[in-house]
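Heads up, the thing below is written out as structure tokens.
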2 protein chains.
Amino acid sequence: MNENQAGAATTVRWLEPHEQRAWRAYLDMNAQLSARLNREMQEESGLSTADFSVLVQLSEHVDARMRVLELARALGWEKSRLSHQLTRMQQRGLIERSNCSEDRRGAFIVLTAGGRDAVEGAAPRHVESVRRYLFDELTPDQVDALGAIARAVTDRLGAGCAGIADVCADTADPCD
Amino acid sequence: MNENQAGAATTVRWLEPHEQRAWRAYLDMNAQLSARLNREMQEESGLSTADFSVLVQLSEHVDARMRVLELARALGWEKSRLSHQLTRMQQRGLIERSNCSEDRRGAFIVLTAGGRDAVEGAAPRHVESVRRYLFDELTPDQVDALGAIARAVTDRLGAGCAGIADVCADTADPCD
DNA sequence: TACATTTTGTTGACGGCTCAACAAGATACA
DNA sequence: TGTATCTTGTTGAGCCGTCAACAAAATGTA
């Protein structure tokens with residue numbers, strides 16, 4: 001965009017050139033890095049990164065079984081996104097839905113043996129990719145800086161309450 | 001995932017705890033920031049961030065008209081993604097396709113008056129959002145660090161050739 | 001008990017992205 | 001000229017994500 005905007009333009013604090021460059025570089029990094037990681041995981045392990053995230057959460061959990069909303073909160077996903085995702089993963093034998101005796105509305109999501117094999121096969125390759133494209137290119141200071149930046153931003157955004165009011169505690173929006 | 005993997009696990013360089021934290025923080029930042037910016041632009045201006053990116057490219061270009069592949073290269077998108085996107089944008093009157101006399105296969109993509117109004121209306125609000133959620137939370141050093149990190153990673157990834165071989169010069173893959 | 005409200009989770013419609021296939025014009029070259 | 005190849009761009013199938021609507025069970029309250 002150029003800076004000769006009509007209307008309220010005079011009051012807009014446009015990005016400074018170095019901010020503009022940082023912002024576009026960040027957008028590029030994101031787009032390229034996520035595309036690359038997704039494609040490599042798909043080719044090497046037959047999983048999407050979304051599949052992988054779900055499997056990792058389950059495999060890290062005691063008994064490898066979780067309630068749907070528990071999983072949604074852990075992932076920061078909307079429940080309907082997760083439900084669709086679980087349907088697809090169930091069809092491929094990565095997870096199973098089992099009834100919950102304490103709450104008959106509910107379902108437990110259970111990691112299958114195939115799901116465990118898939119995540120354990122994908123994890124080492126994925127770590128290698130993340131190292132290759134990200135950490136190997138950064139100095140230790142840059143790694144720490146990235147972490148600090150990301151935490152500052154997610155703190156501002158409400159640490160998971162943006163757009164997933166669905167699965168967040170119904171407190172007042174702490175974001176403004 | 002835990003680190004007691006079967007098989008080749010002994011040779012895998014798992015992420016160190018501080019790398020793990022930085023990585024997950026980065027993933028969270030991305031997911032939340034892009035979701036928030038997308039939602040705000042949709043609510044305030046009726047555009048997706050994809051619409052906005054296309055409109056910005058066009059509006060920055062002399063005559064506000066570009067060939068499809070030129071646009072695809074500028075955005076780092078696959079041509080088919082762009083083609084679908086343009087079809088939707090054309091239906092909403094944001095852009096028009098016009099014939100190219102020099103190359104009768106080709107099409108010029110032209111920004112309409114409505115498209116220009118849309119991008120000029122959206123830009124100030126979008127800048128405010130980007131400031132609010134990102135730059136206002138970062139120190140000047142962090143802004144520079146973010147830019148440097150992003151450039152290091154995109155350089156490693158081949159600066160736009162990842163997954164869009166479609167629209168890239170057909171050089172050998174410089175990524176491995 | 002009866003009834004409203006909240007919580008849990010699924011579904012369908014629709015926009016968006018990727019991939020492979022395709023059409024048609026441009027280009028190279030014999 | 002003829003023809004093989006490359007380039008430009010679109011299309012359709014299918015997966016993915018969001019939104020709104022819904023069903024059913026749990027919970028609160030009279």
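Return the total of residues in the stretch A:58-70 being near DNA strand C (Cβ under 9 Å from one of its atoms) and part of a helix (DSSP H, G or I).
3
Does B:LEU111 satisfy the condition of being within 13 Å of chain A (Cβ to nearest Cβ) and closer than 27 Å to A:SER34 by Cα?
Details: within 13 Å of chain A (Cβ to nearest Cβ): yes; closer than 27 Å to A:SER34 by Cα: no.
When the stated conditions are applied, B:LEU111 does not pass them.
Listed here are the residues, each with its yes/no results for (1) outside any loop (DSSP other than H, G, I, E, B); (2) within 14 Å of DNA strand C (Cβ to nearest atom); (3) open to solvent by less than 20 Å² (accessible area, probe 1.4 Å).
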position	(1), (2), (3)
B:THR87	yes, yes, no
B:ILE109	yes, no, yes
B:ARG116	yes, no, no
B:GLU120	yes, no, no
B:ALA123	yes, no, yes
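What about A:ARG105, is it more than 12 Å from chain B (Cβ to nearest Cβ), open to solvent by 10 Å² or more (accessible area, probe 1.4 Å), within 11 Å of DNA strand D (Cβ to nearest atom) and basic (Lys, Arg)? Talk me through it step by step, then tell me what you get.
On the way: more than 12 Å from chain B (Cβ to nearest Cβ): yes; open to solvent by 10 Å² or more (accessible area, probe 1.4 Å): yes; within 11 Å of DNA strand D (Cβ to nearest atom): yes; basic (Lys, Arg): yes.
Yes, satisfied.
Only one of these is in a helix (DSSP H, G or I) and within 16 Å of DNA strand D (Cβ to nearest atom): A:ARG73, A:ARG21, A:ARG97. Name it. Before the answer, list the steps.
Details: A:ARG21 fails: within 16 Å of DNA strand D (Cβ to nearest atom); A:ARG97 fails: in a helix (DSSP H, G or I).
That would be A:ARG73, the only listed residue that is in a helix (DSSP H, G or I) and within 16 Å of DNA strand D (Cβ to nearest atom).
Only one residue in B:LEU47, B:LEU55 is closer than 28 Å to A:VAL153 by Cβ, near DNA strand C (Cβ under 9 Å from one of its atoms) and not β-branched (Val, Ile, Thr). Which one?
Values: B:LEU55 fails: near DNA strand C (Cβ under 9 Å from one of its atoms).
The match here is B:LEU47.
The values are calculated or read from the model by the stated rules, or taken from the named source; none is laboratory data. Owing to the predicted nature of the structure, the values given are computational and were not obtained by experimental measurement. Quick reminder, even Gly has a Cβ in these numbers, built from the backbone with ideal geometry, and neighbours come from all protein chains shown. Ligands, DNA and RNA are stripped out before the accessible areas are found, and what is left, the full protein with its side chains, is counted by its heavy atoms. Shrake-Rupley method; radii C 1.70, N 1.55, O 1.52, S 1.80 Å.
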